[in-house]
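S.K.: First, the structure itself, so that you have it in front of you.
Bear in mind these aren't lab numbers, they're just calculated from the coordinates by the rules spelled out. Note that the structure is predicted; figures quoted are calculated from it, not measured.
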């Protein structure tokens, strides 16, 4: 069976299991990233929809703080992916792997790591000079004793690789470290990351086995606060995790411990997926609430002003779009605490986004949807940016300050 035919059948089975509502929009912009090469067509690059997206934007303040650095270890990069992702014994994981390969425009595994990086450089080259991508390292899953467990891990991207690329391409990249707080050497690793120019630390608690509310994290929190380095943490459900116990680690209230240690916390995706236990209620009164509402509660607590921030990566995906964005737009007092980011390569996976749904919500017009549909196959990073700059929620666009993100990661502004 050809690879794309297999992916198509398995992907359809997956969305079918999710319910009939998803079927209506599944093919709204194709199943695969077309990976168009070269410059944007002149008519697309100069189109009003694209051009107006940059109105008021200072390019040197445009830092995308959520760009995954993926690789397979080709060229001694140290990057690693689980063999399960390549095995037909795990069809869903195999499909995820093929979608990520397609999103990164990787054709030949023998050049996977270099091709992924070159694609990023090419895409960023279509932004005004000065814009930068913050590459994410990604630590292994660790057990409670602080030992790495590759069998529980999906992928691994070493800090050294992200740092190296940032040094080689300083005009394009900066980097974000990933350090598991249960590691015996976590504080020493943080010191090395800071010395190497890391701009933040990235966690994905359910996928890494991190409980942000555990006292095991305290010495790491103390070091983060001392270095004034922000913690970029996923919150909400993580679809790659199938354990209910691990899923609980994405509860945004579990990040309260980091905040109380003085750590600046950036909550990825506005915690916009799934439900979590209301940990602030004790005993039998504990109940489940939407993770976003738990995040919103934290945002409303005055002591976390200047410490807690929300981040917009992936919030326009078909499984996330709606209440989180609508609520955020209506809370003017939040706007200076909201940070744009892309979660690349996810914008390069067409089935994750439905322009028809966004149009039906009244957030974009049909002519804008047409332009965005063309743009996504040429440049998914630009697609993500232009979509968010074009959307009007209750007639209001996302403010420019949400896109001027450098101040959250550059010590010159902190």
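S.K.: Using alpha carbons only, how many angstrom separate the centre of the range 225-301 from the centre of the range 123-192?
M.R.: 22
S.K.: Please work out the C-alpha center-to-center distance from the range 44-112 to the range 370-389 and express it in whole Å.
M.R.: With the range 44-112 and the range 370-389 each reduced to a Cα centre, they are spaced 15 Å.
S.K.: For the range 324-414, restrict the atom set to alpha-carbon positions and state the Rg and Dmax in Å.
M.R.: Considering the range 324-414 through its Cα atoms, Rg and Dmax are 14.0, 42 Å.
S.K.: Helix-only mean residue ellipticity at 222 nm, the chain, DSSP H runs n ≥ 4 weighted -39,500 (n - 2.57), per residue, nearest 500. What is it?
M.R.: Counting only the DSSP helices, I get -10000 deg cm²/dmol.
S.K.: By what distance, in whole Å, do the Cα atoms of the range 235-321 stretch along each of the three principal axes, largest value first?
M.R.: 34, 32, 18
S.K.: Quick one: of the DSSP bridges fully inside the chain, what percent are antiparallel, nearest 5?
M.R.: Antiparallel bridges make up about 25 percent of those DSSP assigns within the chain.
S.K.: Given the convex hull over the Cα atoms of the range 238-288, what projected area results after averaging over all orientations, in nm²?
M.R.: With the hull built on Cα positions only, its mean projection is 4.2 nm².
S.K.: Consider just the alpha-carbon atoms of the range 185-302 and return their Rg together with their Dmax, both in angstrom.
M.R.: Spelled out, the Cα radius of gyration and Dmax of the range 185-302 are 14.3, 48 Å.
S.K.: Hey, could you get me the Stokes-Einstein D for the range 330-369, Kirkwood radius over alpha-carbon pairs, 25 °C and 0.890 mPa s, rounded to whole µm² s⁻¹?
M.R.: Once the numbers are plugged in, D ends up at 197 µm²/s.
S.K.: Here is a further query. Jot down the radius of gyration and Dmax of the range 233-377, Cα atoms only, both in angstrom.
M.R.: Cα-based Rg and Dmax for the range 233-377 come out at 16.3, 53 Å.
S.K.: I've got another one for you. Which residue fluctuates most in the GNM of the chain (Cα springs below 10 Å): 84, 356, 288?
M.R.: Looking only at 84, 356, 288, the biggest GNM fluctuation is shown by 288.
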